[in-house]
Amino acid sequence: MVAFTVRRLAILATVLATTAAPAGADEDPDYHEFPCRALALGIQGHGTRIGGQSESGVGATVEYALGRERWQYFVESSLATAGFTRWVPSGDAMFGSGGLAGDVVAHEVEHAGLLIRGGLGLRWLARQFTPNGYFGMELYLTSHVGVQRYQLADLQLTRPELALGLGVQFRGYRRPRGALGLDIRVLYTPSDPDSALVACSGDCMSGATSGTGFLLGSTLSW
Amino acid sequence: MVKHLSLALVALASLASLGDAGPVTPPFDERDDDLAVTEADDDSPAFNMLGFQFASGELPIGSAHTLALSLGLTIEHPVWPKLRVVGEYDALWLVHRPTRDADATSMVLPPDRHTSGHRAGLAVRRELFGRGNSSARSFLDGELGASLALATDNFAGPQLVPAVFTGLRAGFDFYSPDDDSASRTLEVAMLLRAIAVSSGVGLALGVGLHWGN
C-alpha cells in the first residue's frame, strides 16, 4: 500500500514539474503582435557615396511582410532618383583670369540617373505604448541586406548593401488596421570598384573601400 | 520501498527547482510605490527607458566648422531617486565645410572631405524640475557624461575622438491608463549639449523619443 502511494506521488510530482516549466521567450501577452501579413507603400530618401562622392536621391518603396509575435520579416524594393556632382579638372594649370601657378581649373559635372534597390530584412518590436486598446506608438529595431543597382548615363554600378536602424510607427489594433511609420537606417556599402563585391562599368571612380550612408523613409502599411 | 521514496524525493526536488523559475512579477496595481506611476508630488518614476535620439550641432574637429549629425539608441536605468545612468550608441556623420578661395575668378578644386563613424557614451542624468499628474508630467533634467567616437576620415584615416559633455534635457512624460500596455510611459524630449573635444567646445541640439517599461 505504501509503495503504491509513493509510486503515485512520484508520478504526480513529475507531471507537476513538467507543467511548471517556464513559457517561451516570445510569449509576451502585453504586446500587440505584428500582423501575419502586411503590405506597405512609402517614400524613401537615401544618401550614399560613390567613389568618395556624395550621392543622394528620393523615390518610392514597396514592401511585403510576414509577422510572427514581435518579429516581422520583410522583402522590399525601391525605385529612386540618383545623382551626384563631381568636379572635373579642365586641362593644365592656367594663368590669367586671376589664376595662380599650380591652380587647377575645374568645372562641375552632374551625374543623374536611377537607383533600383531590393532586399530582405527583419524587424523586432522593442517597445509599445498603448494609451488604450485601439492604437499605439511603437519602437522597432530593423536590419536588412540587399543589392543596389545604379543606372547613370556614364556609370552602371551594382553593389551589396547592409543596413541597421530603427523605426517609429503609429499602429491601429482595431479595424481598419494600419500603421504609419518613420524608418531610419544606417547604410553600409562598398565603394571600391576593384572590390570583388562591386560590379562597375563606365566611369568607375576610385574612392574609399566602404561608405556609410543612410535611408530615411515613411511608409503606410495594411 | 526505499527505492520508491528516493524516486519521490528526486521528483519533488526537480519540481522545486523548476518552480523557482524567477521572481514573480506582481500585477501592476499591486506593485510597490517605487514602481508605480507617480503622483504630482512624488519623485520621478523608477523604470528603465529605451529610445532613440537625433542630434545636430557643430564640433571643432579638423576645421573650424564641422557639422555633426548623430542618430542613436539610448538606454536609461534608475540608480537613485531622480538620478539615472544613461548609455548611448550613435551613428555619427561629420560634414566638413572647407573655406573657399577668396579669389572668385580662380576655380580651385575643392577637397571633398567626409567623416563617419560610431560613438558610445555614458552619462548620469538628474531631474532638476518635475511637475505633473498621473496622465502626464513635464521635466527638466541636467546631465553630465563622456563619450568616445571612432571616426573614419577620408583624409586622416581612422581616429578616436574622446569627448565630455554636459547639458539640459526638457520634455514630457505621458503615462498610459491601460494596464495591458507593454510600455507604461512615453517620453518626448529635447536636449541641448555642450560637447568638449581636444580642439574646443561645440554645441548640439537634439530630439528624442523614449519608451519606459
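Taking the stretch A:66-79 on its own, how many of its residues are buried (at least 17 other Cβ atoms within 10 Å of the Cβ) and over 17 Å from A:Ala163 (Cα atoms)? Please lay out each step first, then the result.
The first filter runs over the stretch A:66-79 and keeps only residues buried (at least 17 other Cβ atoms within 10 Å of the Cβ), leaving A:67, A:70, A:72, A:74, A:76, A:78.
From what is left, the residues that are over 17 Å from A:Ala163 (Cα atoms) are A:67, A:70.
Here the count works out to 2.
Kindly indicate which of A:Leu125, A:Leu120 is surrounded by fewer than 19 Cβ atoms within 10 Å (Cβ to Cβ) and either out of contact with any Asp or Glu (no Cβ under 8 Å at 6 or more places or on another chain) or among the aliphatic types (A, V, I, L, M) (or both).
Details: A:Leu125 fails: surrounded by fewer than 19 Cβ atoms within 10 Å (Cβ to Cβ).
It is A:Leu120.
Select from the stretch A:43-56 the residues that are part of a strand (DSSP E or B) and crowded, with 20+ Cβ neighbours inside 10 Å and write down the one among them that is nearest to the other protein chains (Cβ to nearest Cβ). Before you say what the answer is, go through the steps one by one.
From the stretch A:43-56, those part of a strand (DSSP E or B) are A:43-50, A:53-56; that's our starting set.
Still in the running and crowded, with 20+ Cβ neighbours inside 10 Å: A:44, A:46, A:48-50, A:55.
Details: A:Gln44: 16, A:His46: 14, A:Thr48: 11, A:Arg49: 7, A:Ile50: 12, A:Glu55: 12 Å.
Per the stated criteria, the residue is A:Arg49.
Picking from residues in the stretch B:155-189 that are among the hydroxyl-bearing types (Ser, Thr, Tyr) and within 14 Å of another protein chain (Cβ to nearest Cβ), the one that is nearest to B:Glu58 (Cα to Cα) is B:Thr185. Select from the stretch A:155-177 the residues that are under 30 Å from A:Cys36 (Cβ atoms) and away from chain B (no Cβ under 14 Å) and write down the one among them that is nearest to the chain's Cα centre (by Cα). Here the answer is A:Glu161. Please work out if B:Leu192 is part of a strand (DSSP E or B) and more than 10 Å from chain A (Cβ to nearest Cβ). So B:Leu192 passes the test.
Return the residue satisfying two criteria in turn: it lies in the stretch B:126-149 and is within 13 Å of the chain's Cα centre (by Cα) and surrounded by fewer than 19 Cβ atoms within 10 Å (Cβ to Cβ), and of such residues it is farthest from the other protein chains (Cβ to nearest Cβ). Among them, the one singled out is B:Leu144.
Residues checked against (1) modelled with pLDDT of 90 or more; (2) on the phi < 0 side of the Ramachandran plot; (3) surrounded by fewer than 17 Cβ atoms within 10 Å (Cβ to Cβ):
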position	(1), (2), (3)
B:Pro45	no, yes, no
B:Phe52	yes, yes, no
B:Ala55	yes, yes, no
B:Gly62	no, no, no
B:Leu71	yes, yes, no
B:Val79	yes, yes, yes
B:Val85	yes, yes, yes
B:Glu88	yes, yes, no
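A count restricted to the stretch A:135-154 and to residues that are surrounded by fewer than 17 Cβ atoms within 10 Å (Cβ to Cβ), more than 15 Å from A:Tyr73 (Cβ to Cβ) and either under 14 Å from the mean Cα position of the chain (by Cα) or at pLDDT 90 or above (or both) stands at 3. Of the residues examined, A:Gly146 is one that is more than 8 Å from every other protein chain (Cβ to nearest Cβ), touching a residue at least 40 places away in the same chain (Cβ under 8 Å) and not in a loop (DSSP other than H, G, I, E, B).
The values are calculated or read from the model by the stated rules, or taken from the named source; none is laboratory data. This one's a predicted model, so the numbers in the text were calculated from it and none came from an experiment. Cβ atoms come from the backbone with ideal geometry, glycine included; neighbour counts cover every protein chain shown.
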